[in-house]
Amino acid sequence: MAEFVGWSAVAVGVILPFVGMAGVSDSFGRDAPLGAYLLAMLPGIAVGLFGLFSVVTVQIGRANVDSVEIAGEMLALVKGDGAISKAFVAGSDGQNPFANETQGTDEFGATGITGNYRGEVFFVEGRQVFVHDKVFNSRVAAERYVDELKQSV
């Protein structure tokens with residue numbers, strides 16, 4: 001709503017100087033001094049600038065709100081309680097083979113989601129999955145590693 005009012009003021013600010021110049025021409029005729037034209041245009045220019053500053057203020061406010069929302073989503077992702085984190089742990093198929101996952105601490109003192117897949121302990125920290133001493137960028141890649149490990153035995 002405030003942005004609409006601002007843009008409306010800009011539109012009025014574009015029209016008013018011409019109305020002011022027309023009024024000066026009617027009063028003084030063709031021989032009107034330049035100062036009279038400038039003074040007649042001044043209210044329209046002021047209204048237009050006010051509208052432009054209003055639009056800028058609204059846009060800054062929207063940018064601040066968007067920044068806060070994105071920061072909240074990033075925090076949820078890092079903490080692991082956001083929808084993106086849950087989808088990451090669950091995998092692309094939506095099934096969670098780590099049904100017994102819990103919050104825990106690994107042997108190095110890092111905290112995150114721990115669980116078991118085919119007898120191998122995994123640890124999820126942020127967007128990385130740790131199995132043994134290997135680091136993977138996805139749960140699916142970690143599962144493949146465990147599957148290959150189990151097949152080679």
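Among the candidates GLY35, GLY13, GLY23, GLY29, single out the residue that is farther than 30 Å from GLU125 by Cβ, over 24 Å from the mean Cα position of the chain (by Cα) and in contact (Cβ under 8 Å) with a residue 24 or more places away in the chain.
One residue alone meets the criteria, GLY13.
Scanning the range 115-130 for residues that are surrounded by 19 or more Cβ atoms within 10 Å (Cβ to Cβ) and among the β-branched types (Val, Ile, Thr) gives VAL124, VAL129. Under the condition of being in a helix (DSSP H, G or I) and of a type in the set (Gly, Ala, Ser), which residue from the range 131-153 is surrounded by the fewest Cβ atoms within 10 Å (Cβ to Cβ)? Result: SER152. The residues of the range 124-150 that are under 21 Å from MET74 (Cα atoms), modelled with pLDDT under 80 and not β-branched (Val, Ile, Thr), listed by number, are GLU125, GLY126, ARG127, GLN128, SER138, ARG139.
Every condition in (1) modelled with pLDDT under 75; (2) under 28 Å from ILE70 (Cβ atoms); (3) hydroxyl-bearing (Ser, Thr, Tyr) holds for THR105 except the one numbered (2).
The values are calculated or read from the model by the stated rules, or taken from the named source; none is laboratory data. Keep in mind the model is a prediction, meaning the values are calculated, not measured. FYI the Cβ positions are ideal-geometry reconstructions off the backbone, even for glycines, and counts take in every protein chain you see.
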